Every structure is written in C-alpha cells, then in structure tokens.
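Here's the structure we're looking at; comments come further down.
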Amino acid sequence: MYEQISHTLLNDILNRIKPEISEQDLRHFYTRLGANFYGIHLLFQRLYGDRDDFDQQAQKLVETMATQYINRPDRLRQLDLAREKDYNWFLHQQWTGMALYCKGFAGTLKGLQERLHYFQELGVNMVHVMPILLCPEGSSDGGYAVSDFREINPEVGTLEDVGQLAKEMKERDILLVLDVVVNHTSNKHYWASCARAGDKKYQDYYYTFENRNVPDMFEQSMPEIFPETSPGNFTWDEEMGRWVMTVFNDFQWDLNYSNPAVFIEMLNIILFWANQGADILRLDAVAFLWKKIGSTCQNEREAHLILQLLKDCCQVTAPGVVFIAEAIVAPVEVIKYFGEDAVIAKECEIAYNATFMALLWDAVATKNARLLNQGIKNLPVKLERATWLNYVRCHDDIGLGFDDRDILLCDYQPAHHRQFLVDYFTGKFEDSYARGLPFGQNAKTGDTRISGSLASLAGLEYALETGDKEMIDDSVKLILLLHGMIMSFGGIPLLYYGDEIGTLNDDTYRDDPYKKGDTRWVHRPSIDWDKADQRNIPGTVEYEIFSALKRMIAVRKEMDAFADFNNRELIEVENPHLFVFGRYHLQKPNEKVLVVANFSNRPKSLNIGELGSWGAQYRQFVDVYSGECPDVFKNNLVIPGFTFYWLSER
Ligand code: OTU
C-alpha cells in the first residue's frame with residue numbers, strides 16, 4: 001500500500017543510511033522493505049510515536065534489519081527465496097517435530113549432531129533444541145534465564161557447533177527450531193548488571209521502581225506464575241536499591257518493551273539466530289510482553305503489536321523463518337497470536353495448542369471425551385497460513401486451562417473437576433495409576449498444575465512395577481492413542497524427547513538443591529541410550545512405542561488430508577467415550593480420513609449411521625495406520641479399548 005508519510009520517512013531513512021549499508025547489493029531487501037514499510041511504520045508509530053527520538057529510532061530499526069540482511073549467509077537467502085515461492089511449506093503433513101534438551105538428549109551439541117540419524121530412523125524432521133545459551137548456574141530456569149543472548153553455554157558447546165549442526169540438519173532436511181526468550185533476561189545479563197550499577201539507560205530496559213507504589217498497583221491485578229518458588233511479581237534488588245519486575249522467577253527480569261531500544265535489541269537477536277540457520281524461532285512467553293497497570297499483564301493489545309512488528313521486520317530480512325508463539329493461554333486468546341484482524345497469519349505462523357493438550361489429558365483421566373469434544377467444538381477457527389503445534393507433553397507443567405463454560409456444559413463443577421484431575425494425575429484418586437506431581441500450587445487461588453513424564457502419567461511406571469502384562473499393554477496403548485491424536489488433528493505434531501521410548505519419571509532432580517523446588521525436572525530426563533537400544537528388540541516397551549510412532553509418522557506423511565488447511569470436521573457422536581473427526585483434502589475429494597478414538601479401556605461401538613456423509617461414503621473401512629479392517633457388527637463400528645483408527649475407504 002502506498003502511503004505518503006511512511007514513504008517520505010522511508011526515503012529520508014534511505015538517504016541517511018550508512019555507506020557500509022548503501023554500498024551493498026540489497027535488491028531483495030529493498031523490495032521487501034518497500035512492500036512492508038507501511039505496516040512497519042504504522043506499528044512502530046503506534047508503539048513509540050510519542051517519543052521525541054522517533055525518527056532516530058526508526059532509522060536504527062531499518063539499519064538493524066539491513067545489517068542483518070547483509071550478514072545473512074547466501075544459502076539462507078536462497079532458502080528465503082524458495083520459501084517465499086512455496087509459502088505454505090510449514091503446513092505440509094511431512095513435518096513431525098521433537099523438542100529436547102541438548103544436555104539431556106545427547107550431552108553436547110556435537111553429541112546431538114552425531115545422533116541426527118535417530119530422528120531420521122523415527123521420521124522426525126523438525127528438532128526443537130531448547131535453550132542452549134549462557135545462563136547463571138543454578139538460577140537458569142532450565143535455560144530460560146539467559147545472561148547472554150549470543151553466547152552458548154560452554155557445557156554444551158560453541159556457536160561454531162551450532163553452525164555445524166544447522167548445516168548438517170539442512171543436508172538431512174531436518175528443520176532446526178531455536179528459542180528466543182523475548183520476555184525477560186537473567187539478572188546476570190549485561191543489561192541488568194549495568195542497571196544494577198545505576199546506569200539509567202539500562203534501568204530503562206526493565207521495569208524498575210524506587211518504592212512500592214507502582215508495584216503495589218500492578219500487584220492488584222497480576223496473577224503469580226510461580227507462586228511456590230517466586231511469589232509476587234517484583235523483586236527488591238539491594239545493589240540497585242530499586243524494585244524490579246520479575247513475573248517468573250525472581251532472577252528473571254522482565255524487559256520493558258515500551259522502550260524502543262529494547263525492541264530493536266531483541267529484533268537484532270532474533271535476526272542473529274535466523275542467520276545462524278534456525279528455520280523456526282520459538283518466542284517464549286509472548287503473552288507477557290506488555291505490562292499495564294490494572295490488567296493481568298497478559299495478552300495485552302500491545303503485546304500483539306510487538307509481535308506483528310517483529311514478524312514484519314523478520315519478513316524483510318529473513319522471510320524464510322517462521323515464528324512459534326509460546327502462549328499458554330485461554331483458547332480465545334491463543335488464537336490471536338496468529339495475528340488479529342488479518343486473513344493470513346501475520347504474527348506467529350505457529351502456536352502451541354495447549355488447549356488440545358490439556359483436553360487430551362482430561363480424556364485420559366475421565367476415560368471419556370466429553371470435555372474434549374466440547375473444548376474442540378469451541379476452539380476458534382484459525383487464520384489461513386497458520387498452524388498448531390500439537391503436543392502431549394513438553395518440558396513444562398500441564399495447566400488445566402480449559403474454559404470454565406465448557407466444563408459446566410459437561411455437567412462438571414469447574415473447581416471440583418480440576419481438583420479431580422489433580423488428584424487423578426498425582427495418583428491420589430483411587431483407580432488411578434498415574435505418577436504425576438503437583439506444580440505451581442497456589443494457596444490463594446487453589447490452582448495447581450501437573451508435572452510428570454508422559455509414560456508415568458499414563459500409568460506405565462506403576463504397571464511395570466506390578467509386572468502386570470495387561471496393565472503394561474494398556475498404558476502403552478494409551479500412550480499411542482494420545483500420539484495418534486496429535487499426528488492427525490491438523491498441525492505439526494511435536495513429540496517430547498524420551499516419550500518415543502516410554503521414559504519414566506526421573507526423580508534424581510530431588511538431589512539437586514537448585515532443582516528440587518521445581519517438579520518440572522521430573523520430566524526432563526537424561527536419555528539412557530542403552531535403554532533406547534531396546535527399541536530394536538521386539539517385545540520390549542521401547543520397541544512397542546518406538547515402532548508404532550515410526551509407523552504413525554510414516555503413514556501421516558503419505559496422507560495429504562493430514563496437511564493443515566483448516567480441513568477438519570468434528571463429528572459429534574452419542575457415545576461419550578469417543579472422539580471422532582474427519583480430515584479431508586480441499587483439492588482431492590477422495591482423500592479423506594476418519595479419525596475415531598476410544599478413550600475408555602473397554603471396547604465401544606459407534607453406529608455408522610451417526611457419521612452422516614462420513615459413514616455413507618465408506619463401503620468398507622480400513623485403518624490406514626494398522627492396515628487392518630476394524631470389526632463392524634450390525635452397522636456398528638467396534639473400537640477396542642484405548643484404540644484409535646485412521647479410517648479410509650478400502
Ligand atoms: C515458558 O513457560 C517456558 O516454557 C518455561 O520453561 C519457562 O520457565 C517460562 O516460560 C519462563 O521463561 O511463559 O507463556 O505454566 O507454561 O511459564 C507461557 C508454566 C509461559 C509455563 C509458562 C510458560
């Protein structure tokens with residue numbers, strides 16, 4: 001769009017641009033800048049327009065983008081051009097991800113590189129390497145308290161190792177996902193040290209206050225994120241003699257995005273990691289980017305504007321790179337991280353589907369799919385060119401963030417139901433074999449979240465202890481059922497390292513004084529590679545899970561209907577234990593898959609008549625996952641306990 005004010009500003013900026021930039025061949029950069037500048041200017045103006053130094057800041061913004069474009073390796077620029085053409089590349093069903101801690105998975109970055117064949121064996125072709133940057137020992141929040149955004153934790157390797165890893169991953173067609181912890185820094189970061197030493201410039205990078213007046217106002221409406229380990233949202237810094245906003249742990253200082261210098265620094269860091277060869281950047285805790293007195297300081301309008309601006313700028317410099325929004329918030333809020341008021345996603349192309357994750361766990365505990373059906377029915381439709389990251393477990397806790405209205409519609413009482421779920425997964429409920437632990441218990445609100453590895457939550461730990469074959473089988477089936485859902489729902493399935501071989505809780509964190517207060521460490525394992533070798537021995541749990549996942553991934557890749565173009569239809573059926581949806585392909589009407597999942601441990605039946613056109617079009621069902629034809633008895637499809645089908649027409 002042509003607009004005089006932004007056009008004039010852009011001309012002024014380009015006239016003033018440093019010679020080391022203007023001398024370069026920046027054709028593609030200028031085309032993109034011209035195309036995006038109207039939006040960039042509008043957003044930058046909305047956020048920072050009232051500042052006297054607005055023009056200088058805008059100049060700096062453009063120079064930052066240009067400099068990082070100049071730094072962008074040629075092979076990545078070529079990839080940008082290819083992805084601009086094939087712009088739906090990340091919606092394809094070919095992608096399956098895995099998230100891991102480098103240290104826990106392979107010790108070092110070099111070790112990780114040596115294990116790349118493991119992903120290929122399984123079929124995983126997108127690897128999220130969780131934070132590997134420098135963090136203070138002990139107060140690292142598992143890598144999310146960064147003290148230098150450009151320096152690798154020497155325990156895992158060097159920046160050069162990242163380059164080597166990225167290069168080999170590209171050769172093997174595996175996408176690299178890296179984190180950028182955009183919301184906060186460690187209190188040991190250089191900026192924080194300067195602030196602590198009294199430097200006003202850097203105090204302005206954070207929210208610091210002389211006394212409790214402003215903090216007390218904020219506290220009236222802000223919830224607590226880590227109520228047990230870090231109650232409250234502000235920390236007194238003795239040396240600085242000021243209060244500083246610390247929403248997460250007291251050693252994680254929240255960045256002040258109302259300062260354009262902070263925005264530009266963080267954009268620069270995002271582009272730096274794009275240039276190291278990351279295909280996808282996971283932006284941590286994006287819901288928290290804007291703080292406003294009187295609000296929860298989550299999901300604020302300005303947080304979205306910041307993300308839109310980051311996206312626009314990244315699209316100019318590194319358009320091949322897409323963003324994941326890590327926003328673990330209510331369904332109506334999470335959908336906004338794709339970009340509001342737009343047709344095409346213009347904020348983050350990918351978002352964690354925390355709603356689906358939590359609903360799946362509800363189905364596990366209740367052994368029925370009532371809330372799952374209800375929650376998915378009310379999951380807002382996403383924009384075009386936006387996709388979910390569907391997961392069963394991740395390195396964080398499981399929050400029971402369903403919509404209270406949905407819980408009520410299922411005839412449960414919200415507080416009771418949540419308490420039941422906590423009791424169920426912590427094994428307090430009789431009839432439960434789950435071995436989870438509570439996390440983030442908040443005495444004031446009664447809130448509790450859940451930690452625990454997938455296998456231990458699914459009863460495998462208990463079953464193995466009893467040695468009961470049937471119980472072991474059931475928990476393996478349950479683990480596979482959950483994966484069968486994230487592989488077919490629509491979006492990128494994201495496995496969590498260790499789950500592919502049924503890794504149980506790891507209690508050793510209790511011996512570490514820095515970790516013992518945070519139960520999330522129970523599900524952040526060190527892979528036992530001897531145990532992983534059992535994946536090749538039929539009859540072992542490792543084999544059962546690994547080979548089934550391998551098959552699921554392979555079948556998923558073949559099914560065009562599993563690509564994500566909002567091509568899913570939820571089918572409501574009478575039997576409350578069943579979760580049923582259809583996947584179709586817009587251009588290929590014959591390519592349909594009917595997904596049927598039974599969350600009960602007993603066989604359940606589904607009257608084919610209930611499926612409407614989805615039933616009529618099948619003369620004979622075949623489960624493309626197992627290759628077998630399920631039982632049909634008097635027009636009723638029979639689904640064994642903890643089983644899912646991916647049905648197609650024979
Ligand atoms: C994220 O977490 C990370 O995934 C956590 O590992 C970090 O501790 C945290 O940020 C701080 O960097 O911010 O938007 O319920 O889901 O803390 C959601 C707990 C987050 C996590 C939440 C999450």
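Given the pairs LYS292/LYS515; LYS557/LYS588; LYS188/LYS515, which are separated by over 21 angstrom at their Cα positions?
Beyond 21 Å: LYS292/LYS515.
Can you send over the solvent-accessible area of ILE328, 1.4 Å probe, protein chains only, in Å² to the nearest 10?
ILE328 exposes around 90 Å² with every protein chain in place.
Would you mind working out the magnitude of the charge dipole of the chain relative to its Cα centre, with +1 at each Lys and Arg C-beta and -1 at each Asp and Glu C-beta, to the nearest 20 Debye?
1260 debye
Do me a favour and compute the ellipsoid semi-axes for the range 13-116 from its Cα gyration tensor, root of five times each eigenvalue, largest one first, whole Å.
35, 18, 17
Calculate the FRET efficiency for ASP431 and LYS516 from the Cβ-Cβ distance with a Förster distance of 30 Å, rounded to the nearest 0.05.
0.50
Could you pull out every one of the aspartates and glutamates with an alpha carbon less than 14 Å from that of LYS444, ignoring same-chain neighbours closer than 8 positions?
The qualifying aspartates and glutamates are GLU219, GLU224, GLU228.
How large is the direction-averaged shadow of the alpha-carbon convex hull of the range 390-434, in nm²?
Average of the hull's projected areas for the range 390-434 equals 4.0 nm².
Would you calculate the volume per residue, in Å³, of the smallest convex hull containing every Cα atom of the range 573-650?
Normalising the Cα hull of the range 573-650 by residue number yields 84 Å³.
Please enumerate, by chain and number, the lysines with C-alpha under 26 Å from the C-alpha of LYS18, excluding those fewer than 8 residues away in the same chain.
Leaving aside lysines fewer than 8 places away in the same chain, those within reach of LYS18 are LYS60, LYS201, LYS311.
Compute the helix-to-body angle for 354-366: its Cα long axis versus the longest principal axis of the chain, expressed 0 to 90° and rounded to tens.
30 degrees
What is the angle, in °, between the Cα long axis of helix 301-317 and the longest principal axis of the Cα atoms in the chain? Nearest 10 is fine, range 0 to 90.
Roughly 80 degrees between the two axes.
Among GLY232, ASN275, VAL181, whose Cα projects farthest towards the positive end of the dipole of the range 145-281, with charges put on the beta-carbon of Lys, Arg (+1) and Asp, Glu (-1)?
Working it through, the farthest residue towards the positive pole turns out to be ASN275.
Using the Karplus equation 6.51 cos²θ - 1.76 cosθ + 1.60 (θ = phi - 60°), what ³J(HN,Hα) coupling, rounded to whole Hz, does each residue of the range 26-36 give in order, writing x for Gly and Pro?
In residue order, the calculated couplings are 10, 3, 5, 4, 5, 4, 5, 5, x, 5, 9 Hz.
I'd like the Karplus ³J(HN,Hα) series for the range 244-254: coefficients 6.51, -1.76, 1.60, θ = phi - 60°, whole numbers in Hz, and an x wherever there's a Gly or Pro.
10, 6, 9, 5, 8, 6, 5, 9, 10, 8, 6
Give me the accessible area of LEU611, 1.4 Å probe, in Å² rounded to the nearest 10.
Accessible surface of LEU611 is approximately 10 Å².
Accessible area of ARG602, 1.4 Å probe, to the nearest 10 Å²?
150 Å²
Relative contact order of the range 561-649: what whole-number percent is it, with Cα pairs under 8 angstrom and at least 6 residues apart?
29 percent
If I model a spin label at ASP74 and ASN378 as a point 7 Å from the Cα along the Cα→Cβ vector, what separation in nanometres do I get?
Spacing of the two 7 Å Cα→Cβ label points: 5.6 nm.
If I take every Cα pair under 8 Å that is 6 or more residues apart in the range 87-223, average their sequence separation and divide by the length, what percent do I get for the relative contact order?
That works out to 21 percent.
Taking the Cα atoms only, what angle lies between the long axis of helix 74-85 and the longest principal axis of the chain, rounded to 10 degrees?
Roughly 60 degrees, rounded to the nearest 10.
As a test, work out the antiparallel percent of DSSP beta bridges whose residues both lie in the chain, rounded to the nearest 5.
60 percent
Each residue of the range 103-111 in order: what ³J(HN,Hα) in whole Hz does its phi give by Karplus 6.51 cos²θ - 1.76 cosθ + 1.60, θ = phi - 60°, with x for Gly and Pro?
Working through the residues one at a time gives 4, x, 7, 9, x, 9, 5, 4, x Hz.
Return a whole-number percent for the relative contact order of the chain, with Cα pairs under 8 Å and 6 or more residues apart as the contact set.
This gives 12 percent for the chain.
Please name whichever of LEU122, THR208, ALA330 sits farthest to the positive end of the charge dipole of the chain, dipole taken about the Cα centre and charges placed at Cβ: Lys and Arg +1, Asp and Glu -1.
About the Cα centre, the residue reaching furthest to the positive side is LEU122.
Can you check what the net charge comes to around ASP362, using other residues whose Cβ is under 11 Å from the Cβ of ASP362 (Lys, Arg +1; Asp, Glu -1)?
+2
What does the charge count near ARG520 come to, summing +1 for each Lys or Arg and -1 for each Asp or Glu among other residues with Cβ under 12 Å from its Cβ?
-1
Would you mind getting the accessible area per residue of the chain, heavy atoms of the protein chains only, 1.4 Å probe, in Å²?
40 Å²
The values are calculated or read from the model by the stated rules, or taken from the named source; none is laboratory data. Predicted, not measured: the structure shown is a model, and the values here were computed from it. Every residue, glycine among them, receives a Cβ derived from its backbone with ideal geometry; neighbour counts consider all protein chains shown. The protein model used for the area step is the full one, side chains on, heavy atoms only, and it has no ligands, DNA or RNA in it. Shrake-Rupley method; radii C 1.70, N 1.55, O 1.52, S 1.80 Å.
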